[in-house]
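Q: Take this structure, written in structure tokens, and hold onto it; I'll ask about it next.
No value in this document is a laboratory result; all are computed from the given coordinates. What you see is a predicted model, and the numbers here were worked out from it, not measured in a lab. A quick note on method: Cβ atoms are made from the backbone with ideal geometry, for glycine too, and the neighbour counts reach across all protein chains shown.
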Amino acid sequence: MGLKIVVLAKQVPDTRNVGKDAMKADGTVNRAALPAIFNPEDLNALEQALRLKDTYPGTEVSILTMGPGRAADVIREGLYRGADNGFLLTDRAFAGSDTLATSYALSCAIRKMDKYDLIIAGRQAIDGDTAQVGPQVAEKLGLPQVTYAEEVLSADKKKIVIKRRLERGVETVEMPLPGVITVNASAPDCRPRNAKLLMKFKHAKTITERQSESEDYIDLTADRPYLNIEEWSVNDIETDVNWLGLSGSPTKVKKIENVVFQAKEAKRLTPADEEIDELMKELIANHTIG
Amino acid sequence: MNNVFVICEIEEGKVADVSLELMTKGRSLANQLNCKLEALVLGHNLKGIEKELYPYGADVVHIGDDERLEPYTTLPFTSIIVNLFEKEKPQVALLGASTFGRDLGPRVSSALVSGLTADCTSLEIGPHEDKKAGKTYENLLYQIRPAFGGNIVATIINPDCRPQMATVREGVMKKEIYDATYKGKVNNLEVDKILKPEDLVVKVIERHMEKSKVNIKNSSIIVAGGYGVGSKENFAQLEELAEVLGGEVGASRAAVDAGYASHERQIGQTGVTVRPKLYIACGISGQIQHTAGMEESSMIIAINNDPNAPINKLADYAITGDVGEVVPKLIKFYKQNTK
Ligand SMILES: Cc1cc2nc3c(=O)[nH]c(=O)nc-3n(C[C@H](O)[C@H](O)[C@H](O)COP(=O)(O)OP(=O)(O)OC[C@H]3O[C@@H](n4cnc5c(N)ncnc54)[C@H](O)[C@@H]3O)c2cc1C
Ligand SMILES: Nc1ncnc2c1ncn2[C@@H]1O[C@H](COP(=O)(O)O)[C@@H](O)[C@H]1O
């Protein structure tokens, strides 16, 4: 019983390691100064897909990512870890998308991707921390959803049983397939790159990447079709342009501010007995404590 | 029509704190917008639930009471809310940024093609001018939230789509009774007519909910420790200080990651937001992700051996010294002065 699984993976700036040069003087984010990484929870999502592939031979894992050309790195990273193929959705028409427009574009791409049984996304992307794209893709495709998944307990062609991690407990739910799940960081980490797969997919590229190679470059995809990373523009998928990019985004950014502390004068104290004694007397007198 | 709605969450048969906090915020937004505040509650055995909501200023409480709505699953809740919102056309709809709200909110907003802003830290009303389109808007909901790992604060608006939806974490807004004698009315929803078999395909097989044991959010005194506390043993001193002062122990993420304190005690952007009367920060540097969750404390005392620690910029009292030396002295002199 092989499943067909689509993993949604996003390339994100590494907001966890923001250095001093990450903010420009005008208070906007200097994206160029931040390394682009595979969104952490999307790696957890990929691992769940790969585990299903281990358990059910014949399972095919595809990575779908929407972003600029360099987001093909995310697909290659997925291939090195065990995914079978990848799709890059890239077009100026998608620029400025909020989560709803992103979900719409992704859902159109998924519709085009043959049959699928399961779509697995990360819970949230660290650039926005919104956790909206998974449920919205599910809604756009008219599929049921299970969020905050930590472990797939069992699956067959018709249904999947999942353990969810909630704020105050755990839940086991059963969902019919096809469906969408989003995976938490508390799920198992993704397996590392596999040396053999790294060799195999090192030269996997999108058509744009191949075209920018030097002239004497030999196109390997003719006899090795697995080295082709499928690249789709807006014309390759069926969409209503009004739902894409800025015009398809109900939310707009009105204002962005850099975070600055408004400094106030602290009363400076040393650990000397008299000073601590005085402080305690003050706090008791003004009823802060006591 | 065009009112402010709060989608309430039920926890152990009662309206969850985060929902009541949003009712308080919703009431003040409704007053500003000169419209009504409506609450929506879905679940089972909800008899009398409206009485919990009236004091927070609910003009209408919509109730959907059906055994198929307990425990929560996404699809039936979405169907009922979408059905109601298509009729009522709210201008604003708020829900908690809990696992419930973050599962339900995006699904509803996608179905209604309305915008949704997650994890807002502040909600305000204001105008907007779209110079390119030559349009001006009055009374939009400013949805203010941190982004990029807390390094920027963005104000998001939804000029054209309704409802303007936002989620807010527990503890970010203040819960305050509006008027203990306030009376609204109930609207019972006809759940049976709305639910379809395909809404019920996801089944909850098993559920273990734990009651949250620590309650730092409602504590008026918090003794919080950071990585600078140094060890789990030293953390015990903070527990002692918290106990003599009648407070609770909180922690920074670095302290939680180091295993000094449990995750539920984490304060900050990815933990809880607190605003106690007194916050004692011990060995905490004061990174923005931490201070986002405590900067509204009425009084802040910082203990840090680095005189230039960023936390000192927020502090009312900055004690420059070693936590291991200062904390026992706080305990000692507190005891001496209260005898
Ligand atoms: C997306 C994101 C979300 C985050 N969310 C949170 C969150 O919710 N909450 C949170 O707290 N953090 C959060 N963080 C982490 C945050 O950025 C900081 O790393 C963290 O708050 C630092 O904790 P700290 O101050 O305890 O440790 P440190 O930064 O290591 O500071 C330790 C301090 O202790 C002082 N010190 C050392 N020894 C002593 C001593 N003997 N006596 C007195 N002082 C001493 C040092 O001078 C220093 O100032 C988040 C980060 C990211 C990227
Ligand atoms: N541009 C994208 N391409 C592929 N997947 C995405 C994209 N944006 C979001 N996702 C998926 O949706 C999840 C939630 O994203 P977000 O709603 O942005 O927090 C991510 O963890 C990804 O799995």
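Q: Using only the C-alpha atoms of chain B, find the volume of their convex hull and express it per residue in Å³. Spell out each step's value before the answer.
A: Working: hull volume 55.8 nm³, N = 339.
Roughly 164 Å³ of hull volume per residue.
Q: Give the residue list of trypsin sites (Lys or Arg not before Pro) in the range A:101-182 that are DSSP loop and have at most 14 other beta-carbon atoms within 10 angstrom.
A: Working: sites: A:Arg111, A:Lys112, A:Lys115, A:Arg123, A:Lys140, A:Lys157, A:Lys158, A:Lys159, A:Lys163, A:Arg164, A:Arg165, A:Arg168; in loops: A:Lys115, A:Arg123, A:Lys157, A:Lys158, A:Arg168.
Taking the range A:101-182 and a limit of 14 other Cβ atoms within 10 Å, the loop trypsin sites (Lys or Arg not before Pro) found are A:Lys115, A:Lys157, A:Lys158, A:Arg168.
Q: A further question follows. Most fluctuating residue of B:Thr121, B:Thr24, B:Thr73 in a GNM of chain B with Cα springs under 10 Å: which is it?
A: B:Thr73
Q: If you take the square roots of the eigenvalues of the alpha-carbon gyration tensor of the range A:93-161 and sort them as a ≥ b ≥ c, do you get rounded (a/c under 1.5), prolate (a/b over b/c) or oblate? Show your work: numbers first, answer last.
A: On the way: a/c = 2.64, a/b = 1.38, b/c = 1.91.
Because a/c hits 1.5 or more and a/b fails to exceed b/c, the range A:93-161 counts as oblate.
Q: Let me ask something additional. Kindly identify the range B:216-338 as rounded, prolate or oblate by the Cα gyration tensor criterion: order the square roots of the eigenvalues as a ≥ b ≥ c, call it rounded if a/c is under 1.5, otherwise compare a/b with b/c, prolate if a/b is larger, else oblate.
A: rounded
Q: Another one. If you wrap a convex hull around the C-alpha atoms of the range B:110-166 and split its volume per residue, what is the figure in Å³?
A: 96
Q: A follow-up question, please. Can you tell me which of A:91-98, B:89-96, A:79-86, A:236-243 comes out highest on packing, and rank the rest after it, using the mean Cβ neighbours within 10 Å?
A: For the peptides A:91-98, B:89-96, A:79-86, A:236-243, the packing ranking is B:89-96, A:79-86, A:91-98, A:236-243.
Q: At q = 0.08, 0.11 Å⁻¹, what log₁₀ I(q)/I(0) does the protein assembly as shown have when each alpha carbon counts as one equal point scatterer in the Debye sum?
A: The Debye formula, applied to the Cα set alone, gives -0.64, -1.15.
Q: For A:Thr59, list long-range residues whose amide hydrogen, built 1.01 Å from N in the peptide plane, is under 5 Å from its own amide hydrogen.
A: Result for A:Thr59 returns A:Leu3.
Q: While we're on this one: Quote the relative contact order of the range B:4-200 in percent (integer), defining contacts as alpha-carbon pairs under 8 Å separated by 6+ residues. Write down the numbers at each step before the final one.
A: On the way: 409 pairs, mean separation 57.2, N = 197.
Answer for the range B:4-200 is 29 percent.
Q: Calculate the length of the line joining the C-alpha centroid of the range B:100-138 to that of the range A:65-131, in whole Å.
A: Result: 24 Å between the Cα centres.
Q: Within 10 Å of each Cβ of B:65-77, how many other protein chain Cβ atoms are there on average?
A: For this peptide, the per-residue mean of nearby foreign Cβ atoms is 2.
Q: In addition: How would the range A:150-263 be classified by its alpha-carbon gyration tensor: rounded, prolate or oblate, with rounded meaning a/c under 1.5 and the a/b versus b/c comparison settling the rest? Mind dumping the intermediate values first?
A: Working: a/c = 1.70, a/b = 1.21, b/c = 1.40.
Oblate, because a/c is 1.5 or more while a/b does not exceed b/c.
Q: Tally Lys/Arg at +1 and Asp/Glu at -1 over every other residue whose Cβ is under 10 Å from the Cβ of A:Leu43; what's the total?
A: Summing Lys/Arg as +1 and Asp/Glu as -1 gives -3.
Q: Follow-up question, since we're still on this one. Taking every DSSP beta bridge that has both residues in the range A:4-243, what percent is antiparallel when rounded to the nearest 5?
A: Percent antiparallel among DSSP bridges in the range A:4-243 is about 40.
Q: Would you tell me the mean number of C-beta atoms belonging to other protein chains that fall within 10 Å of each C-beta in A:95-106, as a whole number?
A: Per residue, the number of nearby Cβ atoms from other chains is 2 on average.
Q: Return the sequence-ordered ³J(HN,Hα) values of the range A:235-247 in whole Hz as given by the Karplus equation 6.51 cos²θ - 1.76 cosθ + 1.60 applied to θ = phi - 60°, using x for Gly and Pro.
A: After applying 6.51 cos²θ - 1.76 cosθ + 1.60, I find 6, 8, 10, 8, 9, 9, 4, 5, 9, 9, x, 4, 5 Hz.
Q: Quick one: if you take sqrt(5λ) for each eigenvalue of the C-alpha gyration tensor of chain A, what semi-axes come out, biggest first, whole angstrom? Don't skip to the end; give the middle numbers.
A: Numbers: eigenvalues 353, 131, 83 Å².
Value: 42, 26, 20 Å, ordered largest first.
Q: Another question, if that's okay. State, as an integer percentage, the relative contact order of the range B:216-338 based on alpha-carbon contacts under 8 Å between residues 6 or more apart. Before the final figure, lay out each step's value.
A: Values: 263 pairs, mean separation 29.9, N = 123.
Computed value for the range B:216-338: 24 percent relative contact order.
Q: Please report how far the C-alpha centroid of the range B:230-307 lies from that of the range A:270-290, rounded to the nearest whole angstrom.
A: Centre-to-centre (Cα) distance: 19 Å.
Q: Ordered by residue, what ³J(HN,Hα) values in Hz, to whole numbers, does the range B:304-318 give under the Karplus form 6.51 cos²θ - 1.76 cosθ + 1.60, where θ = phi - 60° and Gly and Pro are x?
A: 7, 7, 9, x, 9, 4, x, 4, 5, 6, 9, 6, 7, 10, 10
Q: Per residue of B:318-326, what is the mean number of Cβ atoms on other protein chains within 10 angstrom of that residue's Cβ?
A: Values: counts 5, 10, 4, 6, 1, 1, 0, 2, 4.
Averaged over the peptide's residues, the number is 4.
Q: What order, most packed first, do the peptides A:38-51, B:323-336 have when packing is the mean number of other Cβ atoms within 10 Å of each residue?
A: Most protected by this proxy first, the peptides run A:38-51, B:323-336.
Q: Let me ask something else about it. Share of antiparallel DSSP beta bridges in the protein assembly as shown, in percent to the nearest 5? Walk me through the numbers before you get to the answer.
A: Details: 44 of 120 bridges.
So the antiparallel bridges amount to about 35 percent of the total.
Q: A further question on this structure: Can you tell me the relative contact order of the range A:4-243? Whole percent, Cα pairs under 8 Å, sequence separation 6 or more.
A: Relative contact order of the range A:4-243: 23 percent.
Q: Fewest first, what order do A:Leu106, B:Leu20, A:Leu283, A:Leu220 take by the number of other Cβ atoms within 10 Å?
A: Listed from fewest to most nearby Cβ atoms, that is A:Leu220, A:Leu283, B:Leu20, A:Leu106.
Q: A follow-up question, please. So what J values fall out for the range A:201-213 if you push phi through Karplus, 6.51 cos²θ - 1.76 cosθ + 1.60 with θ = phi - 60°, rounded to Hz, Gly and Pro as x?
A: 9, 3, 9, 5, 8, 7, 4, 5, 5, 5, 5, 8, 5
Q: Filter A:Lys254/B:Lys183; A:Lys159/A:Lys252; A:Lys53/B:Lys203; A:Lys10/B:Lys174; A:Lys140/B:Lys175; A:Lys158/B:Lys196 down to the pairs with a C-alpha to C-alpha distance above 30 Å, please.
A: As for pairs spanning more than 30 Å Cα to Cα, those are A:Lys254/B:Lys183; A:Lys159/A:Lys252; A:Lys10/B:Lys174; A:Lys140/B:Lys175.
Q: How would you order A:171-180, B:228-237 from highest to lowest mean count of nearby Cβ atoms within 10 Å?
A: Packing order, densest peptide first, comes out as A:171-180, B:228-237.
Q: Net charge near B:Ala133, counting Lys/Arg +1 and Asp/Glu -1 over other residues with Cβ under 12 Å of its Cβ?
A: +1
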